[in-house]
Amino acid sequence: MRLAVGIAFKRPRHAHEWLAVDPRIRAIVLALAEECDRRGYASPIVTSILRTPDEHARIYAGRANAPASSPHIADPRGLVRAVDLRSHIYTPEQVATLVAWMNQHWPRADKRPTALCHNVGLGMHFHVQVPPAF
Ligand SMILES: [Zn+2]
């Protein structure tokens, strides 16, 4: 018998980048896939993983409070500490449920959210992140 839950990738590059995602996030997203399956929700779709510093700068170009860095940029271990997931495949109630579920089960000591649903100019999406490992 085999556990069968799935996540999908928006682009082939994301399937290649997946193993460069911090294992703590891979665990969260795979558990999220199980939870979506259990609730009868759509399976998670990964829409963004790795960004270069140039891509980060382009996304936030001209914005007043642009963050200097991003957990989407590979850290010194070569790992990414954030992934984005499609949100418009869920109802607003489902979005709220899934964000609350991830934040309940993976609370952060620094009180920042593990999951949120936001729009930084590229459309609404889930942003799932973990703190630096060291
Ligand atoms: Zn993000």
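Since every read-out is calculated from the coordinates, none of them should be taken as a lab result. Note that the structure is a prediction, hence the values are computed from the model and not measured. No Cβ is skipped: glycine too gets one built from the backbone with ideal geometry, and neighbour counts run over all protein chains shown.
Relative to the longest principal axis of the Cα atoms of the chain, helix 92-105 runs at roughly 80 degrees. Give me the log10 of I(q) over I(0) for the chain at q = 0.10, 0.19, 0.21 Å⁻¹, as the Debye formula computes it from C-alpha points; what are the numbers? Each listed q corresponds, in turn, to -0.31, -1.18, -1.44. The charge dipole of the chain, taken about the Cα centre with unit charges on the Cβ atoms of Lys, Arg (+1) and Asp, Glu (-1), comes to about 80 debye, rounded to the nearest 20.
Calculated mean residue ellipticity at 222 nm for the chain: -10000 deg cm²/dmol, from DSSP H runs with n ≥ 4 weighted as -39500 (n - 2.57), summed, divided by the residue count and rounded to 500. Checking every one of the trypsin sites (Lys or Arg not before Pro) in the range 61-127 against DSSP loop status and a limit of 13 other Cβ atoms within 10 Å picks out ARG63, ARG77, ARG108, LYS111.
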